[in-house]
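The values are calculated or read from the model by the stated rules, or taken from the named source; none is laboratory data. Everything quoted here is computed from the prediction, not taken from an experiment. Because the Cβ atoms are built from the backbone with ideal geometry, glycine has one as well, and the counts that use them run over all protein chains shown. Heavy atoms of the whole protein, side chains included, go into the accessibility calculation; ligands, DNA and RNA do not. Shrake-Rupley method; radii C 1.70, N 1.55, O 1.52, S 1.80 Å.
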Amino acid sequence: MLRTVSARIFAASAPVLLSCLLGLPLHAQEANFGRALTMTDTELFIGQPVNWYGPGVVYTYRLDAAGQWQQREKLSASDTLRMDDFGHALAHNDNSLLVGAPRKSESAGVVYAFTRASRNGSWQQQARLEAPIESASRGLFGKALALSGDNAFIGAPGVSG
C-alpha cells in the first residue's frame, strides 16, 4: 500500500520535482511529463507519453560545463499518434535509446530504437520493434524496458501464459 501511494505522489509531483531539482524549464512540463526517466551523470531522458496537443515525446538533456541541464532534442517516432503512449518507458545505453509506446496498434505495443553516431550526435530512429504475433493482442509490448550491453529486455504485461 505504501509503495502505491508513494508512486502516485511522485507521479503527480514529478514535473515540480524535476523543475526544482534539475532547473528544467517549466514550459515542457504538462500532463505526464516525467512519466519515464533514465539518466547518466551527464545525460537525462524524460518521457512525456501523453501530450494534450499531440503525440508523446522524449526530451533529451545534457549537463553543461556550468552544471546546468540544457535541452538538446525533442524526440518523436515517425508514425506515432496522440494516444500511442510514446515515451511511457525508456532505456538508454551509450548510443542506443529504446522508447516504448505500449498503446500503439490497438494496445499491442511497439518499441522504437534510436541510435546516434557519437555522444554529441543527434538521435535517429533506426527500428520499430513489434510484439511477436502470438502475443500481439493487447499485450502492451514496450510498457517496461531495459538495456544491458547488446541485449534488450521488453516487458509486455498484457500477455498471459
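Remarks
- Filter result (closer than 20 Å to Glu43 by Cα and among the acidic types (Asp, Glu)) within the range 65-86: Glu73
- Members of the range 32-91 that are of a type in the set (Ser, Thr, Tyr) and within 15 Å of Gln125 (Cα to Cα): Tyr59, Thr60, Ser76, Ser78, Thr80
- If you filter the range 87-107 down to residues that are assigned to a loop (DSSP other than H, G, I, E, B) and open to solvent by less than 10 Å² (accessible area, probe 1.4 Å), you find that the one that is nearest to Leu44 (Cα to Cα) is Gly87.
- Top-ranked residue in the range 27-79 [being β-branched (Val, Ile, Thr), touching an Asp or Glu at 6+ places or on another chain (Cβ under 9 Å) and under 16 Å from Pro102 (Cβ atoms); ranked as most open to solvent (accessible area, probe 1.4 Å)]: Val50
- First in the range 43-66 and farther than 15 Å from Leu81 by Cβ and of a type in the set (A, V, I, L, M), second anywhere and open to solvent by less than 20 Å² (accessible area, probe 1.4 Å) and assigned to a loop (DSSP other than H, G, I, E, B), Cβ under 7 Å, 6 or more apart: Ile46/Phe33; Ile46/Gly34; Val58/Gly87
- Against the numbered list (1) open to solvent by 20 Å² or more (accessible area, probe 1.4 Å); (2) farther than 16 Å from Val58 by Cα; (3) not hydroxyl-bearing (Ser, Thr, Tyr), Leu145 comes up short only at (2).
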